[in-house]
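A.B. asks: First the structure, which I've put down as structure tokens, then a few questions once you've had a look.
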């Protein structure tokens, strides 16, 4: 083994976390817990108004395993103990950096927290460790952005932002925030007050259309591929947030009938009300707690004069390889698929540079 062996970042501490679904209650100003396997209620995780929580939107686990919640009614991002829900303080204080009605939160691999600021049409960036304001990443109304709601970084590294009031999705350079043009134009695919968006495992973009009670699917060029979840399927009523679960199925929060529905992740067929109607009051956004059993395995990195070979045990497909050229550069996803060789995933990097670093990360790219 080469002396310059590198190791994956084991960002999840075994034994400290349990797989759960945490759902924000918009009008209840709280977050509730549900069993990740069967959707059974596990009680209130964050009680009504704790820490000033007001109109909560996207909850997300940070790199420190604590839960961060967009508190839209107080223009803050609040931090809660990831184990017991105790309030740990305002991570982004009231209106910090010009924050006005935060909706979506993304802890990105560049060490920054990206926050959609809906009422002034911006995306703001904060230090992911301290919450200090860094800059306005997407400027006021850039590209006609009107009411940023859902956000996601795409396979191309760019940022895709739902324009709620523009019934569109806008695309921005993932490095500098420059507008790259509309990805989905006004009303394409019948979008009507879209909310959440997520990229699927095959690279297509899934967008919730709240007023038409469906989930539309678009390819990598923004072409509408049809309704993945058809209008009325699963009795969706004002759907808002969506996530692909650890099991590969698609989960959708249905605000008006207080539930989370689950659909087949391949064909969009309705499966069941995962969280029963009425059990999740005014459910809007939600997140799956990272599973402590899914810990990135150790990487083996062997360098030669011609290339670098990176390999790891084939224990799970729920990881992506990332690389960076030095300790201060941003991590980027390795886009080429690994080969499976003797129960190990193997990637050959033609760059033999000694200063390149590698790590594995949860495939969702969200949270730790």
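Here, each number is a calculation from the coordinates, and none is a lab measurement. This is a predicted model, so every value here is computed, not measured. In this analysis, Cβ positions are derived from the backbone assuming ideal geometry, glycine residues included, and neighbour counts consider all displayed protein chains.
A.B. asks: With springs connecting C-alpha atoms under 10 Å apart, model the chain as a Gaussian network and identify which of 332, 287, 348 has the largest mean-square fluctuation.
C.D. replies: Largest GNM mean-square fluctuation: 348.
A.B. asks: Pull out the extension gain between residue 225 and residue 355, defined as 0.36 nm times the separation in residues minus the alpha carbon to alpha carbon distance; nm, one decimal.
C.D. replies: Separation in residues times 0.36 nm, less the Cα-Cα distance, equals 42.6 nm.
A.B. asks: Can you tell me the relative contact order of region 20-288? Whole percent, Cα pairs under 8 Å, sequence separation 6 or more.
C.D. replies: With pairs under 8 Å counted, the relative contact order is 13 percent.
A.B. asks: Can I ask one more? With a ≥ b ≥ c taken as the square roots of the eigenvalues of the C-alpha gyration tensor of region 133-216, please select rounded if a/c is under 1.5 and otherwise prolate if a/b is larger than b/c or oblate if it is not?
C.D. replies: oblate
A.B. asks: Related question: Build a GNM of the chain with springs between Cα atoms under 10 Å: which of 329, 216, 178 gets the top mean-square fluctuation?
C.D. replies: 329
A.B. asks: Follow-up question, since we're still on this one. Roughly how far apart, in whole Å, are the Cα centres of region 97-127 and region 170-235?
C.D. replies: Answer, in whole Å: 20.
A.B. asks: Which of 302, 139 has the fewest other C-beta atoms within 10 Å, and how do the rest follow up to the most?
C.D. replies: Lowest to highest Cβ neighbour count: 302, 139.
A.B. asks: Gain in length, residue 87 to residue 110, computed as 0.36 nm per residue apart minus the alpha-carbon separation, to one decimal in nm?
C.D. replies: 5.7 nm
A.B. asks: Pick from 75, 219, 349: which is most flexible by mean-square fluctuation in a GNM of the chain where alpha carbon atoms under 10 Å apart are linked?
C.D. replies: Greatest mean-square fluctuation among the candidates belongs to 349.
A.B. asks: Once the Cβ-Cβ distance between residue 129 and residue 326 is put in as r, and R0 is 25 Å, what FRET efficiency do you end up with, to the nearest 0.05?
C.D. replies: Plugging the Cβ-Cβ distance into 1/(1 + (r/R0)^6) gives 0.80.
A.B. asks: Once the piece of chain linking residue 38 and residue 146 is laid out straight, how much longer is it, given 0.36 nm per residue of separation minus the C-alpha distance between them?
C.D. replies: 35.2 nm is the gain from fully extending residue 38 to residue 146.
A.B. asks: What does the C-alpha gyration tensor say about the overall shape of region 20-288? Classify as rounded when a/c is under 1.5, otherwise prolate if a/b is larger than b/c, or oblate.
C.D. replies: oblate
A.B. asks: Go ahead and run the numbers for FRET between residue 314 and residue 64, Cβ-Cβ distance against an R0 of 25 Å, rounding to 0.05.
C.D. replies: Efficiency computed from Cβ-Cβ geometry: 0.30.
A.B. asks: Starting from the Cα gyration tensor of region 112-171, take the square roots of the eigenvalues, sort them a ≥ b ≥ c, and report rounded, prolate or oblate (rounded when a/c is under 1.5, otherwise prolate if a/b is larger than b/c, else oblate). Please report the intermediate quantities before stating the final value.
C.D. replies: Working: a/c = 2.26, a/b = 1.43, b/c = 1.58.
It comes out oblate by the Cα gyration axes.
A.B. asks: How do 36, 104, 202 line up, fewest other C-beta atoms within 10 Å first?
C.D. replies: Ordered from fewest to most neighbouring Cβ atoms within 10 Å, 36, 104, 202 come out as 202, 36, 104.
A.B. asks: Now for a different question. Set the Förster distance to 25 Å, then compute FRET efficiency between residue 178 and residue 306 from the Cβ-Cβ distance, nearest 0.05.
C.D. replies: 0.10
A.B. asks: How do 271, 106 rank when sorted from fewest to most other Cβ atoms within 10 Å of their own Cβ?
C.D. replies: Going from sparsest to densest Cβ surroundings: 271, 106.
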